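Read the figures in this text as sums done on the coordinates, not as results from a lab. Quick caveat, the model's predicted, so the values are computed rather than measured. A quick note on method: Cβ atoms are made from the backbone with ideal geometry, for glycine too, and the neighbour counts reach across all protein chains shown.
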Amino acid sequence: MSNINLAFQLMLVGMIAVFGILSIVVGLGRVLIFLVGKYSKEQVAPIVQRNRPTQLISNKKIAVVTAVVDMVTQQKGIVKSIKKI
């Protein structure tokens with residue numbers, strides 16, 4: 001019986017130690033996130049306008065893709081962009 005009691009005691013001490021260390025890590029992480037959010041300046045990237053060719057994909061292909069998306073998603077899907085790969 002003494003071995004089982006010792007095993008449970010060691011398990012309990014180990015679980016408490018792991019919980020304590022993880023609590024410290026989570027607390028320090030939250031403090032770090034707060035400090036970085038408070039003192040760092042948000043950088044705004046400039047908007048770059050790119051000159052794209054007017055139409056890379058024909059209207060017929062766009063219509064086919066739109067029809068397939070409508071049929072597969074039961075007219076709930078939206079085609080946001082079409083890119084050639």
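The angle separating the long axis of helix 59-72 from the principal Cα axis of greatest extent in the chain is about 40 degrees. For the chain, the longest principal axis of the Cα atoms and the long axis of helix 2-39 meet at an angle of about 40 degrees.
Which of rounded, prolate, oblate describes the chain, given a ≥ b ≥ c as roots of the alpha-carbon gyration tensor eigenvalues and a/c under 1.5 marking rounded, otherwise prolate only if a/b is larger than b/c?
oblate
Grab the beta carbon distance between GLN9 and ILE33, set R0 = 35 Å, and tell me the FRET efficiency rounded to 0.05.
After rounding, the FRET efficiency stands at 0.45.
Here's the list of lysines a cross-link from LYS61 could span, going by alpha-carbon distance under 16 Å and ignoring same-chain residues fewer than 8 apart: LYS80, LYS83, LYS84. Given +1 at the Cβ of Lys and Arg, -1 at the Cβ of Asp and Glu and no other charges, the dipole of the chain around its Cα centre is 720 debye to the nearest 20.
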